[in-house]
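This report refers to the structure that appears directly beneath it.
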Amino acid sequence: MIHKSMQKAFTISILYVVLISLISCKQKETLEKANDLKISEGFENPLGFYNAIPTFSWKLPALDNNKSQSAYQIVVASRPDLLPNKADLWNSKKQNSAKSTWVKYQGKKLKSRQKVYWQVKYWNQDKESSFWSDINHFELGLLNNSDWKAKWIGLDTKKEKIIGIQKIYFTDLNTCVKILRYPIR
């Protein structure tokens with residue numbers, strides 16, 4: 001009988017310790033990361049992007065503890081492994097702002113053909129911070145006329161001794177019809 005009451009007391013003690021642990025050790029909840037990351041006019045991870053000064057936008061997850069944004073931080077790097085702690089192109093630092101659309105890039109000058117990686121985190125109305133977002137990226141296209149290094153292809157009419165005028169007519173985007181006119185002799 002003493003054994004059963006000791007066992008019952010021990011079980012109640014264990015349950016009590018577990019219950020107290022669960023109540024007292026509840027950690028502050030971390031917010032979910034921002035989602036739907038876009039640059040400029042709504043592009044997601046574009047290739048050949050045309051603007052060396054992009055803008056960044058994101059959406060907050062719909063949560064009970066997430067009524068509004070009170071601050072954000074954007075980090076931009078030349079390699080994904082530099083994010084979020086060693087951003088080499090731009091670190092906005094914590095900006096006290098509810099703005100989550102069209103945030104203008106203010107980092108180092110970006111170059112043609114450069115691949116750029118970025119992340120964002122935000123703080124809610126209670127000053128609680130989110131996790132960092134997934135890493136997004138974009139690759140710049142040819143930004144300056146001097147970047148274009150192409151040569152025209154086609155028949156060299158002077159070399160081939162063809163006399164006349166060559167005209168090109170476009171009937172649609174996929175078809176090009178060439179018509180050669182030769183002078184009448």
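I need a count of the residues in region 88-118 that are assigned to a loop (DSSP other than H, G, I, E, B), within 16 Å of the chain's Cα centre (by Cα) and not polar (S, T, N, Q). Steps first, please.
Pass one, region 88-118, residues assigned to a loop (DSSP other than H, G, I, E, B): 88-89, 92-94, 96-102, 105-114.
If we keep only those that are within 16 Å of the chain's Cα centre (by Cα) as well, we get 88-89, 92, 100-102, 105-107, 110, 114.
Add one more test, that the residue is not polar (S, T, N, Q), and what stays is 88-89, 102, 105, 107, 110.
Final tally of qualifying residues: 6.
For (1) within 23 Å of Thr30 (Cβ to Cβ); (2) modelled with pLDDT under 95; (3) open to solvent by 30 Å² or more (accessible area, probe 1.4 Å), each residue gets a yes or a no:
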residue	(1), (2), (3)
Pro80	yes, no, yes
Asn96	yes, no, yes
Lys111	no, no, yes
Asp126	yes, yes, yes
Ser130	yes, no, no
His137	no, no, yes
Ser146	no, yes, yes
Gly154	no, yes, yes
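Which ones in region 98-109 are farther than 22 Å from Ser68 by Cα and buried (at least 18 other Cβ atoms within 10 Å of the Cβ)? Even if it seems obvious, please write down each step before you answer.
Within region 98-109, the first condition is being farther than 22 Å from Ser68 by Cα, and the residues that meet it are 105-109.
Result: Tyr105, Gly107.
Output the number of the condition that Gln119 fails; it satisfies all remaining conditions of (1) closer than 17 Å to Asn35 by Cα; (2) modelled with pLDDT under 95; (3) of a type in the set (S, T, N, Q).
(2)
Would you call Trp58 in contact with a Leu (Cβ under 7 Å, 6 or more places away or on another chain) and aromatic (Phe, Trp, Tyr)? Walk me through how you get there before you give the answer.
Numbers: in contact with a Leu (Cβ under 7 Å, 6 or more places away or on another chain): yes; aromatic (Phe, Trp, Tyr): yes.
Yes; evaluated as a whole, the condition is true for this residue.
The values are calculated or read from the model by the stated rules, or taken from the named source; none is laboratory data. In this text, all values refer to a predicted model and were calculated from it rather than measured experimentally. Neighbour counts run over all protein chains shown; Cβ positions are idealised from the backbone, glycine included. Accessible surface is based on the protein model in full, side chains and every heavy atom, while ligands, DNA and RNA are left aside. Shrake-Rupley method; radii C 1.70, N 1.55, O 1.52, S 1.80 Å.
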